[in-house]
Amino acid sequence: MAKKVVAIGKQAFDSVIENDCFYIDKTSFIKEWWENKDDVTLITRPRRFEKH
C-alpha cells in the first residue's frame with residue numbers, strides 16, 4: 001500500500017482525491033460545534049503554524 005501525501009496548499013477537493021492525499025473530514029465536528037451553541041469557542045493552532 002502506497003503512503004498518502006499530506007495535501008499542504010491544495011484547495012481543490014478533486015485534486016486531493018486524484019493525488020491520493022491524506023485529509024480529515026471534520027463534518028461531524030462542525031455539526032456538533034454548530035448545534036452546541038456555546039457563547040465562545042476557542043480553536044487554537046499549532047505553534048508557528050503558517051508563520052514565515
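Tabulated data
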quantity	calculated
Residues located in region 20-42, provided they are assigned to a loop (DSSP other than H, G, I, E, B), within 16 Å of the chain's Cα centre (by Cα) and of a type in the set (D, E, K, R)	20, 25, 26
Failed item, numbered, when residue 50 is tested on (1) on the phi < 0 side of the Ramachandran plot; (2) modelled with pLDDT under 85	(1)
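The values are calculated or read from the model by the stated rules, or taken from the named source; none is laboratory data. Here the structure is a predicted model, which is why all the values come from computation and not from measurement.
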